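The values are calculated or read from the model by the stated rules, or taken from the named source; none is laboratory data. Note that the structure is predicted; figures quoted are calculated from it, not measured. Glycine gets a Cβ as well: all are built from the backbone with ideal geometry, and neighbour counts include every protein chain shown.
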């Protein structure tokens, strides 16, 4: 079986621009571990001839071609990061090849937000694919909607992640003298334990991942115990720093009034954490599987989050409950050092479960591929 996966290349590209670029590489690596997969080609839908500098295609055993160049070199096209030309997809299907849309983003907001907020969006012809694959975070809530809209089967596939790009970035920052990973705090000369330096990494371009709730969590914790929170860093805010709603929210916070808040642009996780922060507060709405959470857990940083998927890892608060979020943040501030070994062991379980090469994950992807081509039994796929 020969597989093509769409990718977007663009000027000033970086693997940290979004999680989807990493996801493509993890999926391609998983496919290459399957005994019946002959090759994986990245289908270039962008305007550059190379991948981001962090991606060594030769070392990964991957090639990149335009979709048209790949026509006779693939049996399956997966539309994932970058839309594929519908006429080309129709041609592939006419030749007996298969088309899958791998829906990694939250499908409902991608459908409605461009209209509601009058921003640019994209929607390809609904009936262009044979199957849709969605991640566990979206399957129960959105599979019926996707099935009705696209008129094809919708299946759940494993959520996968590897620290390989994070390790690569950590190596870079450590060469500059920084140290990645949580370090136990040391009391100052007066015997006071330093408070946490909190970072909020929500992208703030959609309602599914926005900084508003984390900001309120931090401020509620600060009001309850000012010594436990040293500073709040809110990233990805420069594009709306002058918006009246943002200004009103920010100026209402005690952290801002006490000059303990910093608003920044976009930064990568490792590069920012090693210099400015030692804890992360996060919030999501119907989007509870995020790579930034795994970055934090891998580094043993306190992760205060509302992801049911990670209920047993990090510091969990439900839904939009800022009071409980503040309690969890204060719990991390007062007790993370003493229970670091337990925290690390819980995080390790999560990271092992999403390993692209984990046996269960490979088995599940193998079943999906063989089912798609009706290749007989799916028993004993891997040894």
Hey, does segment 15-31 have a residue that's farther than 30 Å from residue 266 by Cβ and not assigned by TED's automatic domain parsing to the domain that holds residue 291?
yes
Mind listing whichever residues of segment 162-214 are within 30 Å of residue 116 (Cα to Cα) and in contact with a strand residue (DSSP E or B) (Cβ under 6 Å, 6 or more places away or on another chain)?
199, 200, 211, 214
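What do you reckon, is residue 173 surrounded by 15 or more Cβ atoms within 10 Å (Cβ to Cβ), assigned by TED's automatic domain parsing to the domain that holds residue 231, in contact with a helix residue (DSSP H, G or I) (Cβ under 8 Å, 6 or more places away or on another chain) and in contact (Cβ under 8 Å) with a residue 40 or more places away in the chain? Walk me through it before giving the result.
Values: surrounded by 15 or more Cβ atoms within 10 Å (Cβ to Cβ): yes; assigned by TED's automatic domain parsing to the domain that holds residue 231: yes; in contact with a helix residue (DSSP H, G or I) (Cβ under 8 Å, 6 or more places away or on another chain): yes; in contact (Cβ under 8 Å) with a residue 40 or more places away in the chain: yes.
The answer is yes for residue 173.
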Could you check residue 187 against (1) modelled with pLDDT under 95; (2) surrounded by 11 or more Cβ atoms within 10 Å (Cβ to Cβ) and say which number it fails?
(2)
Checklist (1) surrounded by fewer than 24 Cβ atoms within 10 Å (Cβ to Cβ); (2) assigned to a loop (DSSP other than H, G, I, E, B); (3) more than 16 Å from the chain's Cα centre (by Cα) applied to residue 327, failing item
(2)
Is it the case that some residue within segment 183-190 is touching a residue at least 12 places away in the same chain (Cβ under 8 Å), in contact with a helix residue (DSSP H, G or I) (Cβ under 7 Å, 6 or more places away or on another chain) and under 25 Å from residue 290 (Cβ atoms)?
no
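For segment 330-357: of the residues being in a loop (DSSP other than H, G, I, E, B) and in contact (Cβ under 8 Å) with a residue 24 or more places away in the chain, which is surrounded by the most Cβ atoms within 10 Å (Cβ to Cβ)? Reasoning before the result, please.
Of all residues in segment 330-357, those in a loop (DSSP other than H, G, I, E, B) come to 336-339, 354-357.
This time we only want the ones that are in contact (Cβ under 8 Å) with a residue 24 or more places away in the chain, so: 336-337, 354-357.
On the way: 336: 20, 337: 16, 354: 17, 355: 18, 356: 22, 357: 13.
Residue satisfying both the conditions and the ranking: 356.
Identify, please: which residue in segment 50-108 is in a helix (DSSP H, G or I), without any contact (Cβ under 8 Å) to a residue 40 or more places away in the chain and under 27 Å from the mean Cα position of the chain (by Cα) and is, among those, surrounded by the most Cβ atoms within 10 Å (Cβ to Cβ)?
Applying the filter and picking the extreme gives 107.
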Condition broken by residue 302, with the remaining ones in (1) on the phi > 0 side of the Ramachandran plot; (2) buried (at least 21 other Cβ atoms within 10 Å of the Cβ) satisfied:
(1)
Looking only at segment 305-324, which residues are surrounded by 19 or more Cβ atoms within 10 Å (Cβ to Cβ) and either in a loop (DSSP other than H, G, I, E, B) or on the phi > 0 side of the Ramachandran plot (or both)?
306, 307, 313, 314, 317
Looking at residue 135, is it surrounded by 15 or more Cβ atoms within 10 Å (Cβ to Cβ), within 21 Å of residue 203 (Cα to Cα) and at pLDDT 95 or above?
yes
Condition first: part of a helix (DSSP H, G or I) and over 23 Å from the mean Cα position of the chain (by Cα). Can you find one or more residues in segment 120-140 that meet it?
no
